Amino acid sequence: MQNEHYHALSHRVTDSCESKIDFEEHVMKAAILKAPERLVVEEVPMPRCPQGGLLVRTQVCSICSTDVKMLHHGHRDLVYPRILGHEVTGVVVESRAKDFKVGDRVQVAPGLSCGKCVSCLRGADNQCDHIGIIGFTHDGGLAEFITIPPQSVRSGVNIIPDELSFEEAALTEPLACCLNGQELSGVTYGDTVLIFGAGPIGCLHAMLARAMGATKVLITECLQTRIKMAGPTKADRIINVCNGAGGTIRKIVEEETEGRGVDVILLACPESTTAYPLLELLAPRGRICLFSGLPPENALIHLNANSIHYRDVSIVGAYGCTAAQNSVALKLIASGEMKVDWLITKRFSLDQIHEGIKYTAQREGLKAVVTEF
Ligand SMILES: [Zn+2]
Ligand SMILES: [Zn+2]
């Protein structure tokens, strides 16, 4: 249905970069977050293709636990009212940018950076002084169409290789965020990596750590369903922390590392940051990556400074991803190095967005995607 409609639409446009679409429809359907707890699906005016930008018909937008957080608690970078969705793929239906044409299948990195500030010049465009984010400060992909501003076209729009589905390509952005976390915590050859949480992010981290050269990958998880589902990550061990928690993890880490501790801890579920004595699980020169944000009221953590000092320990944060990490992540998926299709466990239509959010919040399965708009 969706594709039929797209083909009908594409016949009405010319090949020219400056082409304008004569849309029959002047409105489109979108999921808009108007205030905390007020997410509505309604018709809004069709957005116009910006100068130097693109108009894209959304094909797949995956739902992220950050969307859940935004719905219930807001977010530091969220500006209301907002069409949510930052894990977006689609087809270009109008192009006012010279490098893209109508019909291009694209994956969109959500960061909108200036390209000129010190962070941008140092390659940390996710920390741009003037950062905007699609799905946070600019309207996102939980809508029939999305506009891509020129800042994104410059480096944040990637052509999806033919062999890759829109669904697989939609997981590029979360993988790119994992890449940011692993680059910052220096995951490398020979490392033993411990990941807290076997949700979609934990599973992506596990597969990526292997691709980065880790020789041993351990995951902790407390939900039985997710322990079962994490098999395809090929982690060496999935530690069930249903009971016993801290003691169990310490014992298994000792067993698996001959008492040395792990090289890197990646925290892919917010509760774990405060629930475990993380420093005790680390080897000398170990790194901890605070990948999940915490609710502000729980964000103060206590750490023993001497454990950090004497053992050369590093603690890094990781938020979002750069445009470069996005294009690398898409290449990793396309190369077959990272198999991601199995992570998608449920598909929804835009009208079912509340069910999709609930599915994500309840951690029933892994990744939910919206495929019908
Ligand atoms: Zn996300
Ligand atoms: Zn900048």
*Considering each residue of region 38-67, count those that are in contact (Cβ under 8 Å) with a residue 40 or more places away in the chain, charged (D, E, K, R) and in a strand (DSSP E or B), and give that number.*
1
*In region 105-124, which residue that is among the aliphatic types (A, V, I, L, M) and more than 10 Å from ligand 2 (Cβ to nearest atom) is nearest to residue 90 (Cα to Cα)?*
106
*What is the one condition in (1) at pLDDT 95 or above; (2) assigned to a loop (DSSP other than H, G, I, E, B); (3) within 17 Å of the chain's Cα centre (by Cα) that residue 363 does not satisfy?*
(1)
*Give me the pairs, please: first residue somewhere in region 91-102 and in contact (Cβ under 8 Å) with a residue 40 or more places away in the chain, second residue anywhere and open to solvent by 20 Å² or more (accessible area, probe 1.4 Å) and acidic (Asp, Glu), beta-carbon distance under 9 Å, and either six or more positions apart or on two chains.*
95/18; 96/18; 101/15; 102/15
*Only residues in region 111-135 that are within 28 Å of residue 58 (Cα to Cα) and within 15 Å of ligand 1 (Cβ to nearest atom) count as the first member; pair them with residues that are open to solvent by 30 Å² or more (accessible area, probe 1.4 Å) and of a type in the set (Phe, Trp, Tyr), Cβ under 7 angstrom, at least 6 apart or cross-chain, and list the lot.*
126/319
_region 281-292 residues that are assigned by TED's automatic domain parsing to the domain that holds residue 252, paired with ones that are of a type in the set (D, E, K, R) and open to solvent by less than 30 Å² (accessible area, probe 1.4 Å) (beta carbon under 6 Å, 6 or more apart)_ = 283/263; 286/263
_Total residues in region 102-124, condition loosely packed, with under 15 Cβ neighbours inside 10 Å and either within 12 Å of residue 324 (Cα to Cα) or not hydrophobic (A, V, I, L, M, F, W, C) (or both)_ = 5
*Could you list, in sequence order, the residues of region 157-179 that are open to solvent by less than 10 Å² (accessible area, probe 1.4 Å) and either farther than 13 Å from residue 334 by Cβ or out of contact with any helix residue (DSSP H, G or I) (no Cβ under 6 Å at 6 or more places or on another chain) (or both)?*
169, 170, 171, 174, 176, 178, 179
*Can you pull out the residues in region 246-268 that are of a type outside the set (Lys, Arg) and open to solvent by 30 Å² or more (accessible area, probe 1.4 Å)?*
247, 248, 254, 255, 256, 258, 259
*Would you pick out the residues in region 330-360 that are assigned to a helix (DSSP H, G or I) and open to solvent by less than 30 Å² (accessible area, probe 1.4 Å)?*
330, 333, 334, 343, 350, 353, 356, 357, 359, 360
_I'd like to check something: does region 68-82 contain any residue that is part of a helix (DSSP H, G or I), surrounded by fewer than 18 Cβ atoms within 10 Å (Cβ to Cβ), within 16 Å of ligand 2 (Cβ to nearest atom) and not charged (D, E, K, R)?_
no
*Which of the residues belonging to region 206-240 are within 21 Å of the chain's Cα centre (by Cα) and polar (S, T, N, Q)?*
220, 233
*Could you please let me know if residue 144 is within 16 Å of ligand 1 (Cβ to nearest atom), closer than 18 Å to residue 371 by Cα and in contact with a strand residue (DSSP E or B) (Cβ under 7 Å, 6 or more places away or on another chain)?*
no
*Which residues, counting only those in region 125-156, are away from ligand 2 (no atom under 15 Å from the Cβ), in a loop (DSSP other than H, G, I, E, B) and open to solvent by less than 20 Å² (accessible area, probe 1.4 Å)?*
135, 136, 140, 141, 142
*Return the only residue of 284, 295 being modelled with pLDDT under 90, open to solvent by 30 Å² or more (accessible area, probe 1.4 Å) and either in contact with a Lys or Arg (Cβ under 8 Å, 6 or more places away or on another chain) or within 30 Å of residue 130 (Cβ to Cβ) (or both).*
295
*May I ask you to list the residues in region 83-123 that are in contact with a helix residue (DSSP H, G or I) (Cβ under 8 Å, 6 or more places away or on another chain) and either assigned to a helix (DSSP H, G or I) or aliphatic (A, V, I, L, M) (or both)?*
84, 88, 91, 93, 97, 102, 108, 109, 112, 119
*In region 192-227, the residues that are of a type outside the set (S, T, N, Q), farther than 24 Å from residue 324 by Cα and assigned to a loop (DSSP other than H, G, I, E, B)*: 197, 198, 199, 222, 223
*Please tell me if residue 307 is within 15 Å of the chain's Cα centre (by Cα) and surrounded by fewer than 21 Cβ atoms within 10 Å (Cβ to Cβ).*
no
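The values are calculated or read from the model by the stated rules, or taken from the named source; none is laboratory data. It should be emphasised that the depicted structure is a prediction, and the values quoted were computed from it without experimental measurement. Note that each Cβ is placed from the backbone with ideal geometry, even for glycine, and that neighbours are counted across all protein chains shown. Accessible surface is based on the protein model in full, side chains and every heavy atom, while ligands, DNA and RNA are left aside. Shrake-Rupley method; radii C 1.70, N 1.55, O 1.52, S 1.80 Å.
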